[in-house]
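The values are calculated or read from the model by the stated rules, or taken from the named source; none is laboratory data. Computed from a predicted structure; not experimentally measured. Glycine gets a Cβ as well: all are built from the backbone with ideal geometry, and neighbour counts include every protein chain shown.
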Amino acid sequence: MVAPLPRARPRPGRRAHRRRLAWRRLAGLCAGAALLAAVSAWLLTSPRLGVSRVEVVGANTVPNSLIVWQAAIPDGANIIRLRCGRVARRVAALPAIRSASVSRRPPHTVVIRVVEREPLLRVPGPAGPLYLDRDGISFQRCGDESPAVEVVGIPGSQLVPGVRVADRRLPAVLGTCLAAQRRGLVLRRAVLGPQGEIDLLLSGGATLRLGEPTHLTEKLEKAQLALQALKDRGPIEYVDVSCPDAVVWKPAQPPSADETQARAPAVRLP
């Protein structure tokens, strides 16, 4: 049997060379980490990266000054350390703001992008009108009044800006107005009765009596057909589609008619 050859032992010089290489690598890593820490500390504390300008994008009715105040970004705050998520949540807490996002534009600018709530309904209140969006959140608007549909029957004193309206009848009014607008009807006012019945005042002056907010698709379809059939009959006081199978309409009294003249009776469409 042939005996295995003995392993060659590393020379002392080669072992020392490897040890020196390992120490050099370790020293390089430590130096790189120290340099990275120094650069990070400079970026996080340098006044050259302080916020000096805040831009607001997307605000139409909410003043930019109010959004900047709500953002609460200290002048000179380090732009790298800025918590954009927290700033966005503070801005989105404004009742008239639906959503907000914040981004950095180094070295000194912060950009706030907002999406305002779209007013769908307008409710008169003691301190001015309050508006409701499609989610039922109430808010106030600055400047001119919006062409939102005025709602009668919901007390404005019960509305709190930024809070969803607790009145259970409101979703029915919202759904009815949205369904009517999708069909091209231009609404001026929605009247909510004590029993939950809904009347819609159109821009032309006629009133749609829908009754309870059920079978809206059928009722609005019958209302459109009735309005189309009656467009040459003169002014209309109301079209009653609360019972879709028996549509009733009534002509409006001319302004110049004698007050003693008997009012025209309601007519049922064939």
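One table, with the values for the structure above:
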quantity: Any hit, segment 116-125, residues being under 16 Å from the mean Cα position of the chain (by Cα), among the β-branched types (Val, Ile, Thr) and assigned to a strand (DSSP E or B); calculated: no
quantity: Subset of segment 52-88 [of a type in the set (D, E, K, R) and at pLDDT 90 or above]; calculated: Arg53, Glu55, Arg83, Arg86
quantity: Residue within segment 97-118 that is modelled with pLDDT under 90, more than 30 Å from Gly50 (Cβ to Cβ) and of a type in the set (Lys, Arg) present; calculated: no
quantity: Check on Pro161, under 22 Å from Ala59 (Cβ atoms), outside the structural domain of Pro63 (by TED's automatic domain parsing) and free of Cβ contacts under 8 Å to residues at least 40 places away in the same chain; calculated: no
quantity: Among (1) closer than 30 Å to Ser52 by Cα; (2) in a strand (DSSP E or B) - the single one Tyr131 does not satisfy; calculated: (1)
quantity: Set Gly162, Gly156, Gly175: member being small (Gly, Ala, Ser) and over 15 Å from Tyr131 (Cβ atoms); calculated: Gly175
quantity: Subset of segment 208-223 (residues that are assigned to a helix (DSSP H, G or I) and closer than 16 Å to Pro251 by Cα); calculated: Ala223
quantity: Residue check, Ala71 free of Cβ contacts under 8 Å to residues at least 60 places away in the same chain, surrounded by 12 or more Cβ atoms within 10 Å (Cβ to Cβ), over 24 Å from Asn60 (Cα atoms) and among the small types (Gly, Ala, Ser); calculated: no
quantity: Residue, nearest to the chain's Cα centre (by Cα), within segment 215-232, restricted to residues that are over 24 Å from Ala148 (Cβ atoms) and surrounded by fewer than 12 Cβ atoms within 10 Å (Cβ to Cβ); calculated: Gln228
quantity: Extreme residue, farthest from the chain's Cα centre (by Cα), among residues of segment 188-198 that are at pLDDT 90 or above and surrounded by fewer than 20 Cβ atoms within 10 Å (Cβ to Cβ); calculated: Glu197
